[in-house]
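The values are calculated or read from the model by the stated rules, or taken from the named source; none is laboratory data. Only a predicted model underlies this, so the values are computations on that prediction, with no experimental measurement involved. Cβ: placed from backbone, ideal geometry, glycine included. Neighbour counts: every protein chain shown. Ligands, DNA and RNA are excluded from the accessible area calculation, which covers all protein heavy atoms including side chains. Shrake-Rupley method; radii C 1.70, N 1.55, O 1.52, S 1.80 Å.
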Amino acid sequence: MSNPASSTNMTIKPRKRSARPSALKLLARNHLALMGAVIFAGVIILALITPWLPLVNPDATDPANRLLPPLSDGHFLGTDHLGRDLLSRLLWGTRVSLAVGISASLFAAFFGSAIGIISGYFGGRTDNIMMRGIDMVMAFPYILLALAIVAALGPGLMNALYAIAVVNIPFFARNIRGVTVGIVHREFVDSARLSGKGHIRILLSEILPNVMPVIVITMSTTVGWMILETAGLSFLGLGAQPPQADLGSMLGEGRKLITTALHLSAIPGGMIFVLVMSINLLGDGIRDILDPRLKSGALARPAPVTRIDRSTWDGPAHAGSGHVNGQPGAKRDAEKGAILSVEDLRTEFVLGDDVYKAVGGVSFHVGRNECVGLVGESGSGKSVTALSLLGLVASPPGTIAGGRVMLDGRDVFDMHEQEIRAIRGGRAAYVFQDPLSTLHPLFSVGDQLVEAIRAHNRVSYKEAWQKAVELLRMVRIPNPEKRADSYPHQLSGGMRQRVGIAMALANEPELIIADEPTTALDVTVQAQILKLMNNLREQHGTSVLFITHDFGVVSEICDRVAVMYAGQIVEMGTTQQVLENPAHPYTKRLIDCVPRLGETAREIAAIPGLPPAVNDLPVGCAFADRCDRAADACRAGAIDLDPLGDGHAVRCIKPMEVRHA
Amino acid sequence: MPDIVLQTRDLVRVFGGGRTLFMGKKPSVYAVRGVDIAVRKGETLGIVGESGCGKSTLARMLVGLDRPSDGDIQLSGAQLNDLLSQDRHALSRRIQYVFQDPISSLNPRKLIRETLSAPLRYLRNLSGKALEDRLKELMDCVNLRPEFLDRYPHEFSGGQAQRIGIARALAAEPEIIVLDEPVSALDVSVQAQVLNLLDDLKARFGLTYIFISHDLSVVEAVSDRVAVMYFGRVVEQAAGKALFVEPRHPYTRLLLDSAPVPGKRGLQGEEANAELPDPMAPPPGCAFAPRCPYAQDDCRKKIPDADFGLDNHAAACFHPLGRMA
């Protein structure tokens with residue numbers, strides 16, 4: 001049994017690397033960050049090699065040559081009011097400023113993160129005491145606090161460093177505490193506790209590695225700020241003391257002569273600008289790479305409609321998989337009245353060098369007032385199929401690479417963006433799995449229903465509100481007048497799903513596409529929702545495409561079923577045909593591996609192995625590696641969906657014996 | 001009864017409560033409201049209930065991740081609370097836990113080897129070669145190849161990750177494993193693999209399981225005894241399949257009627273008022289009374305109780321359903 005599992009794993013590992021570019025590559029792709037990195041690296045190298053450069057002593061005064069302009073002989077950047085070489089002072093000063101800024105942020109990061117992690121991990125009273133302390137520090141204006149610290153300790157570079165570090169501790173502490181609180185309640189922390197780890201081990205080996213990226217992000221965005229603050233304190237004469245040079249004190253000295261010798265302040269000012277800007281650009285780049293939300297593509301704005309590129313598609317005629325009922329004539333008859341007819345739909349995701357064929361040529365139709373079930377395990381492509389129908393797959397990375405979706409005889413993919421938008425929620429509506437994440441948390445459910453109604457109809461708010469209450473009554477929500485004012489979090493899961501269904505019904509759609517609408521619900525609530533959907537279908541004559549993984553739910557609500565595996569339909573027929581006489585070995589085994597209530601004597605027969613990865617599909621049958629009936633022919637080439645009569649079809653060379661009544 | 005390995009008495013867990021700074025009362029949520037269960041060595045006790053019934057809180061208390069507000073838990077005669085304050089490790093060597101979400105129960109930044117070594121190192125004091133050998137043995141137990149030790153959690157499918165979660169629990173060599181919805185996050189075909197694996201391991205190591213799930217058919221398939229929970233209490237318990245054949249509590253009946261069965265049609269869902277009572281203000285009587293078609297006046301005044309033994313079939317109901325003629 002380990003054979004198919006191991007082979008997929010072996011191939012996935014090297015592929016992963018090519019699919020997700022390395023952090024350095026990502027940084028190189030961000031040109032601004034790359035520029036920042038190059039400039040910052042240049043400044044660092046200069047600062048590091050300063051002691052070995054042929055520079056004059058930065059503190060050696062030479063009153064005879066005071067206030068020389070830049071490009072003077074022997075003094076490339078000129079001299080200051082005491083005749084000291086500006087280039088030398090600038091490089092030594094940059095060295096000091098960098099050292100102070102970086103050590104101050106390391107200091108602040110260390111203590112701030114320690115406070116944050118400890119208070120986030122222990123919570124309760126510890127958290128309360130530590131955070132109120134931090135709040136107190138934050139209540140003072142930071143520059144005042146820094147001034148007070150320096151005033152108490154006396155001026156000097158080290159004291160300025162402490163002041164800046166202390167002032168920045170709250171920033172780290174708050175940030176890290178927030179992240180830690182989110183991690184502490186994750187199951188792996190409980191799991192470590194049960195593995196016998198103590199608090200200190202958990203903090204160091206479980207929590208710290210997970211907050212490390214946030215510490216790095218916070219540091220990369222604060223170093224620049226710290227350098228500015230050091231310069232600020234030195235500018236006020238509280239940091240570096242004469243004759244030592246740092247960028248802030250040079251700026252402070254130059255200020256007095258700004259009208260006569262502009263270069264005295266412009267040169268250190270320019271250096272601060274270059275340094276801080278390069279650090280900030282680099283910091284932003286690092287944040288973009290490390291932040292998981294940005295990594296997942298939150299910054300890339302998805303297109304309103306999935307990208308459609310059917311250039312490589314050779315049309316339904318060659319697809320060979322579209323013939324459900326055998327003869328094209330019979331097929332046409334069956335589909336004549338169909339509200340939805342999908343032909344050879346192909347949806348792909350391109351990530352790095354990999355093409356994931358999530359949907360690889362799916363054809364089916366939904367008749368009027370019919371409920372068709374799309375059944376499959378996770379990764380079988382059933383949800384992507386549903387989203388592709390109205391171009392809702394996020395693009396990038398999704399592309400519709402082929403196929404036609406005929407809605408009432410017109411191809412959706414030939415329509416204009418506006419037309420597709422008018423269909424969504426209008427003639428065809430979706431119901432999703434998790435109503436809590438599809439409803440907006442800040443608007444009352446009534447308002448959200450009104451919005452859905454008014455997006456498609458020109459009616460007044462009042463009329464729409466009445467319609468909304470009517471809809472809530474239709475989905476059997478008790479006391480709908482009052483419930484319309486509730487917010488999603490005030491409703492139970494079942495009630496929220498009723499609102500989701502009400503929203504789908506808002507514009508009397510001809511087709512409802514329901515993507516696992518009852519999976520997140522308790523069984524008693526699921527039973528109610530299924531009953532409700534059945535009733536609504538009878539009363540309004542709506543057609544339903546019902547996506548689920550549960551054969552029990554299928555037999556409750558669906559007239560016909562299509563079973564999906566690895567992006568293709570492997571079997572299709574009426575619910576009775578598929579459930580009682582499954583022809584495809586996968587369907588048969590999928591039905592058999594679910595324990596059934598009241599049939600404990602039946603052995604639960606697991607299907608060995610795992611489904612193939614859709615970026616590495618085999619040539620022949622995708623199920624062959626897990627199938628005990630597989631022969632060489634199964635792996636030789638693509639297999640068609642063969643009709644078995646009465647609308648029952650199977651994509652298998654050696655189907656199970658089918659007994660039709 | 002010497003063969004009882006775990007027993008709870010009047011177990012209660014209240015969240016919140018206490019007083020605010022200005023002596024106002026803070027609201028308290030009753031998650032578990034008096035649960036008595038007992039488990040014999042080598043059996044599987046199934047606990048079924050819907051979301052919010054307190055089954056996960058109960059599970060966390062059994063392994064010491066949470067402490068009861070009232071009542072006690074006995075582990076082979078020893079008080080779990082005493083064990084917890086004296087020696088956490090001793091408790092973790094006896095009873096272990098398998099989490100619902102296999103991926104999130106593994107630290108994303110650690111190799112499987114590090115995750116699995118922790119219990120061996122801290123609970124069983126293994127190191128060096130002995131630890132290495134045991135790691136391989138554990139991977140073999142859950143049918144995973146030893147190369148997988150040097151991978152990160154994101155490289156695994158849900159079913160494989162759950163095997164690792166089971167291996168982590170086994171590493172402590174416990175007598176009892178609490179399985180909190182171990183297969184609900186998995187695909188059906190993988191679900192069966194994991195259920196069969198659990199069955200093998202139980203026979204091989206003589207384990208005792210407490211199997212918690214919302215899925216009646218799964219619980220029926222794996223359990224020797226089943227307890228049904230509703231709103232923080234056990235409402236019905238029976239040995240064998242009696243509970244599924246002739247449920248006594250109306251709630252159990254409703255659960256059974258609500259589960260869709262492949263090949264059958266015509267579910268009878270209840271009307272729309274099917275909601276749990278407010279856990280901040282539990283009703284004085286039976287919590288199921290507002291939904292119950294058989295509820296009478298006495299149901300709303302007093303909480304029905306029952307004597308849940310080890311082999312009997314009892315329901316906490318004043319008007320239990322009789323035999324179907």
Per the list (1) modelled with pLDDT of 90 or more; (2) surrounded by fewer than 22 Cβ atoms within 10 Å (Cβ to Cβ); (3) out of contact with any Pro (no Cβ under 7 Å at 6 or more places or on another chain), residue check on B:V39 breaks on (2)
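Among the candidates A:Q497, A:Q539, A:Q526, single out the residue that is free of Cβ contacts under 8 Å to residues at least 12 places away in the same chain and of a type in the set (S, T, N, Q). Break it down stepwise before answering.
On the way: A:Q497 fails: free of Cβ contacts under 8 Å to residues at least 12 places away in the same chain; A:Q526 fails: free of Cβ contacts under 8 Å to residues at least 12 places away in the same chain.
Exactly one residue qualifies, and that residue is A:Q539.
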Within the stretch A:517-552, can you find the residues that are farther than 22 Å from A:L439 by Cβ and either in contact with a strand residue (DSSP E or B) (Cβ under 8 Å, 6 or more places away or on another chain) or part of a loop (DSSP other than H, G, I, E, B) (or both)?
-> A:R537, A:G541, A:S543, A:H549, A:D550, A:F551
Evaluation of A:E538 against (1) over 12 Å from B:A259 (Cα atoms); (2) charged (D, E, K, R); (3) within 13 Å of another protein chain (Cβ to nearest Cβ) (one fails), failing number | (3)
For B:E147, all conditions in the list (1) facing another protein chain (nearest Cβ under 10 Å); (2) at positive phi; (3) among the acidic types (D, E) hold save one; what is the number of the exception?
-> (2)
Determine whether the stretch A:57-70 contains at least one residue that is exposed (fewer than 14 other Cβ atoms within 10 Å of the Cβ) and aliphatic (A, V, I, L, M).
-> yes
Within the stretch B:90-104, residues within 19 Å of the chain's Cα centre (by Cα) and assigned to a helix (DSSP H, G or I) come out as B:L91, B:S92, B:R93, B:R94
Considering residues of the stretch A:513-523 that are touching a residue at least 60 places away in the same chain (Cβ under 8 Å) and open to solvent by 10 Å² or more (accessible area, probe 1.4 Å) only, the residue nearest to A:R368 (Cα to Cα) = A:D515
For the stretch A:183-211, name all the residues that are within 21 Å of A:F111 (Cβ to Cβ) and more than 8 Å from every other protein chain (Cβ to nearest Cβ).
-> A:I183, A:V184, A:H199, A:I200, A:I202, A:L203, A:L204, A:I207, A:L208, A:V211
If you check A:P54 against the conditions, is it open to solvent by 60 Å² or more (accessible area, probe 1.4 Å), free of Cβ contacts under 8 Å to residues at least 24 places away in the same chain, not in a helix (DSSP H, G or I) and not assigned by TED's automatic domain parsing to the domain that holds A:A165?
-> yes
For the stretch A:612-639 the number of residues that are more than 18 Å from A:A358 (Cα to Cα), in a loop (DSSP other than H, G, I, E, B) and out of contact with any helix residue (DSSP H, G or I) (no Cβ under 7 Å at 6 or more places or on another chain) is 3
Picking from B:E220, B:E175, B:E155, B:E181, the residue that is modelled with pLDDT under 90 and not β-branched (V, I, T) would be B:E155
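Take A:V342 and tell me if it is modelled with pLDDT of 85 or more and within 14 Å of another protein chain (Cβ to nearest Cβ).
On the way: modelled with pLDDT of 85 or more: yes; within 14 Å of another protein chain (Cβ to nearest Cβ): no.
No, not satisfied.
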Give the residue that is nearest to the other protein chains (Cβ to nearest Cβ), with candidates limited to residues of the stretch B:192-233 that are closer than 19 Å to B:R60 by Cβ and open to solvent by 20 Å² or more (accessible area, probe 1.4 Å).
-> B:H214
Checking A:D646 against (1) on the phi < 0 side of the Ramachandran plot; (2) more than 14 Å from chain B (Cβ to nearest Cβ); (3) touching a residue at least 60 places away in the same chain (Cβ under 8 Å); (4) of a type in the set (D, E), which single condition isn't satisfied?
-> (1)
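Looking only at the stretch B:170-191, how many residues end up being touching a Pro at 6+ places or on another chain (Cβ under 8 Å) and either of a type in the set (S, T, Y) or at the interface with chain A (Cβ under 8 Å from one of its Cβ atoms) (or both)?
We begin by selecting, within the stretch B:170-191, every residue touching a Pro at 6+ places or on another chain (Cβ under 8 Å); these are B:171-172, B:185-186.
Going one step further and asking which of them are either of a type in the set (S, T, Y) or at the interface with chain A (Cβ under 8 Å from one of its Cβ atoms) (or both), we end up with B:171-172.
Residues in the stretch B:170-191 being touching a Pro at 6+ places or on another chain (Cβ under 8 Å) and either of a type in the set (S, T, Y) or at the interface with chain A (Cβ under 8 Å from one of its Cβ atoms) (or both): 2 in total.
Within the stretch A:556-581, how many residues turn out to be facing chain B (nearest Cβ under 7 Å) and over 35 Å from the mean Cα position of the chain (by Cα)?
Quick first cut of the stretch A:556-581, residues facing chain B (nearest Cβ under 7 Å) only: A:556, A:579-580.
This time we only want the ones that are over 35 Å from the mean Cα position of the chain (by Cα), so: A:579-580.
Count: 2.
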Please identify the pairs in which a residue from the stretch A:620-642 that is farther than 11 Å from A:I653 by Cβ has its Cβ atom under 8 Å from the Cβ atom of a residue that is assigned to a helix (DSSP H, G or I) and of a type outside the set (G, A, S), counting only partners at least 6 apart or on another chain.
-> A:F623/A:P585; A:F623/A:Y586; A:D625/A:N3; A:D625/A:P4; A:R626/A:P4; A:R626/A:Y586; A:D628/A:P585
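I want to confirm something. Restricting to the stretch A:557-594 and keeping residues that are among the hydroxyl-bearing types (S, T, Y) and buried (at least 24 other Cβ atoms within 10 Å of the Cβ), which single residue is nearest to A:L374 (Cα to Cα)? Let's see the steps before the verdict.
First pass over the stretch A:557-594, keeping only residues among the hydroxyl-bearing types (S, T, Y): A:565, A:574-575, A:586-587.
Add one more test, that the residue is buried (at least 24 other Cβ atoms within 10 Å of the Cβ), and what stays is A:565, A:586-587.
On the way: A:Y565: 11, A:Y586: 15, A:T587: 12 Å.
Across the stretch A:557-594, the extreme among qualifying residues is A:Y565.
Do you know which residues across the stretch A:419-460 are assigned to a loop (DSSP other than H, G, I, E, B), more than 20 Å from A:P304 (Cβ to Cβ) and open to solvent by 60 Å² or more (accessible area, probe 1.4 Å)?
Filtering the stretch A:419-460 for residues assigned to a loop (DSSP other than H, G, I, E, B) gives A:425-427, A:432-434, A:439-444, A:455-460.
From the residues that got through so far, the ones that are more than 20 Å from A:P304 (Cβ to Cβ) too are A:433-434, A:439, A:441-444, A:457-460.
Of everything in the stretch A:419-460, those that are assigned to a loop (DSSP other than H, G, I, E, B), more than 20 Å from A:P304 (Cβ to Cβ) and open to solvent by 60 Å² or more (accessible area, probe 1.4 Å) turn out to be A:Q433, A:D434, A:P441, A:L442, A:F443, A:N457, A:R458.
Which residues, counting only those in the stretch B:110-128, are under 21 Å from B:C141 (Cα atoms), open to solvent by 10 Å² or more (accessible area, probe 1.4 Å) and at the interface with chain A (Cβ under 9 Å from one of its Cβ atoms)?
Step one: filter the stretch B:110-128 for residues under 21 Å from B:C141 (Cα atoms), giving B:111-128.
Next cut, open to solvent by 10 Å² or more (accessible area, probe 1.4 Å) only: B:111, B:113-115, B:121-122, B:124-128.
Hits for the stretch B:110-128 are B:E114, B:T115, B:R121, B:Y122, B:R124.
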Which condition does B:L58 not pass, out of (1) aliphatic (A, V, I, L, M); (2) crowded, with 23+ Cβ neighbours inside 10 Å; (3) within 10 Å of another protein chain (Cβ to nearest Cβ), if it passes all the others?
-> (3)
Restricted to the stretch A:582-603 and to residues being modelled with pLDDT of 90 or more and in a loop (DSSP other than H, G, I, E, B), the residue nearest to the other protein chains (Cβ to nearest Cβ) is A:P582
Please find, within the stretch A:351-379, the residue that is surrounded by the most Cβ atoms within 10 Å (Cβ to Cβ) out of those that are at pLDDT below 85 and touching a helix residue (DSSP H, G or I) at 6+ places or on another chain (Cβ under 6 Å).
-> A:D354
Does B:N107 count as in a loop (DSSP other than H, G, I, E, B), more than 9 Å from chain A (Cβ to nearest Cβ) and within 21 Å of A:V189 (Cα to Cα)?
-> no
Residues in the stretch B:148-172 that are over 15 Å from B:V98 (Cβ atoms) and open to solvent by 10 Å² or more (accessible area, probe 1.4 Å): how many?
-> 7
Residues satisfying the stated conditions in the stretch B:74-96, i.e. surrounded by fewer than 16 Cβ atoms within 10 Å (Cβ to Cβ) and among the hydroxyl-bearing types (S, T, Y) | B:S76, B:S85
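For every residue, the table says whether it meets (1) open to solvent by 60 Å² or more (accessible area, probe 1.4 Å); (2) under 17 Å from A:L233 (Cβ atoms).
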{"position": "A:L91", "(1), (2)": "no, no"}
{"position": "A:G133", "(1), (2)": "no, no"}
{"position": "A:L144", "(1), (2)": "yes, yes"}
{"position": "A:G156", "(1), (2)": "no, yes"}
{"position": "A:F171", "(1), (2)": "yes, no"}
